[in-house]
Amino acid sequence: MSELSRLQIETALKTVQDKYLEKDLVAAEAVKDIQIDGGRATVAIELGYAATGYFDELRGEVEKALGTVRGLEEAEITLSSKVASHAVQKSLKPMPGIKNIIAVASGKGGVGKSTTAVNLALALAAEGAEVGVLDADIYGPSQPRMLGITDKPQSKDGKSMEPLRNHGVQAMSIGFLIEEDTPMIWRGPMVTQALEQLLRETNWEDLDYLIIDLPPGTGDIQLTLSQKIPVSGAVIVTTPQDIALLDARKGLKMFEKVDVPVLGIVENMSIHICSNCGHEEYIFGEGGGERMAEEYGVDLLGALPLDIRIREQADGGEPTVVREPEGRVAQIYREIARRTGAKLAEQSKDYSGKFPNIVIKNV
């Protein structure tokens, strides 16, 4: 009888779709435990990506499905998330203290990449993940201002730095080490060395996701990232206009060539809504990000409006996800965060940390 009841519950759960993975809960391997005690059942569901903002909706769907199970008098449902470490480039291994590195890139400047990167990081944190931000734009670091951090990094051992923190995320940037108006007049090798040092000499603490805000283009830093830094996935930021999409395609193809999966595309400045009359206008064109996503077989993670508050809030050190957490734009960022996490959860997992190192010695 117990086995039959368990089967009935599993059958009911197969009717509940994880809308971000686009699979039922059983196929997604999200059902971790089912305990039967007479007419009472305890069901444990664990998602592979940060999604606390989705729990209430999912719980309601699970309760509705279990309500159809004959003989089930009471159900206790527990929901949680557990982010795994996912595979990186074949020649590299994930870094200690960082489960997944996600690169946020754009083919050209001026498309709102850094604003998207910081809000994505904050949205992932709001969804329950441990998150860090690495500002890889050595020539034009903007994350210190966007995160509202003015302190200098501290070192406990004289060899490594402690990440700075604000709004619930860890952060590191060359901007923390220099004055804001100091130009970085460095050649390519110095820049790439600085990036590696910022990444590897920072004591990141148990991160589920490290968001790397890349400079625009496909130059030295992007090449270093693809060859020496273990990246689990990339997000491409673009605007709908043709010239931005042309450069975004170059960035997407670059990641494809170096075996870094593109998790999806974020279309920024998708539509302008007049703050006075509410009139909507596609200033930079319409549907460009969606067409690009279809062309390359990747997901459109979300589309963000051209809104003056997004810029003002980031410039003021309180990005939209923090400043207006219940607002429409913050909810779009959180939706993008859940979709990004879900796409990464579908990638192959990394099991290198679970196997011991085997050393053979001649005696």
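Let me know the shape class of segment 86-224, please: from the alpha-carbon gyration tensor, a ≥ b ≥ c as square roots of the eigenvalues, rounded when a/c is under 1.5, otherwise prolate if a/b is greater than b/c, or oblate. Judged from the Cα gyration tensor, segment 86-224 comes out rounded (a/c under 1.5). When Glu256, Glu162 are compared by accessible surface with a 1.4 Å probe, the order from highest to lowest is Glu256, Glu162.
Between Lys64 and Glu196, residue separation times 0.36 nm minus the direct Cα-Cα distance comes to 42.5 nm. Each label point was placed 7 Å from the Cα along the Cα-to-Cβ direction; for Glu76 and Lys32 their separation is 1.6 nm. The modelled label-to-label distance between Ala44 and Leu223, using points 7 Å beyond Cα along the C-beta direction, is 4.9 nm.
Amide H contacts of Gly132: Gln170, Tyr209, Leu210, Ile211, each under 5 Å away and 5 or more positions distant or on a separate chain (H built 1.01 Å from N in the peptide plane; Pro and chain starts excluded). Considering only Tyr54, Tyr20, Tyr296, the mean-square fluctuation computed in a Gaussian network model of the chain, springs between alpha carbons under 10 angstrom, is largest for Tyr296.
In the structure shown, the pairs Lys82/Lys113; Lys82/Lys343; Lys14/Lys343; Lys228/Lys257; Lys82/Lys250 are assessed against 22 Å; a Cα-Cα span above that value is assigned to Lys82/Lys113; Lys82/Lys250. Summing Cβ point charges (Lys, Arg +1; Asp, Glu -1) relative to the Cα centre of the chain gives a dipole of roughly 1160 debye. Between Asp299 and Leu177, the contour length at 0.36 nm per residue exceeds the alpha carbon distance by 40.2 nm.
Sorting Phe176, Phe284 on solvent-accessible area from highest to lowest, probe radius 1.4 Å, gives Phe284, Phe176.
The protection proxy used here, the mean number of other Cβ atoms lying within 10 Å of each residue, ranks peptides 329-340, 63-74 as follows, highest first: 329-340, 63-74. Using the beta-carbon distance between Tyr139 and Leu246 and R0 = 25 Å, what value does 1/(1 + (r/R0)^6) give for FRET efficiency, to the nearest 0.05? Rounded to the nearest 0.05, the efficiency is 0.65. This structure gives semi-axes √(5λ) of the Cα gyration tensor in Å, computed directly, and of (i) 37, 24, 15; (ii) 80, 22, 17; (iii) 37, 27, 20 that value is listed as (iii).
The values are calculated or read from the model by the stated rules, or taken from the named source; none is laboratory data. Since this is a predicted model, take the numbers as computed values, not measurements. Neighbour counts are summed over all protein chains in view; Cβ atoms, including those assigned to glycine, are modelled from backbone coordinates with ideal geometry. Just so you know, the surface numbers come from the protein's heavy atoms only, side chains and all, with ligands and any DNA or RNA stripped out. Shrake-Rupley method; radii C 1.70, N 1.55, O 1.52, S 1.80 Å.
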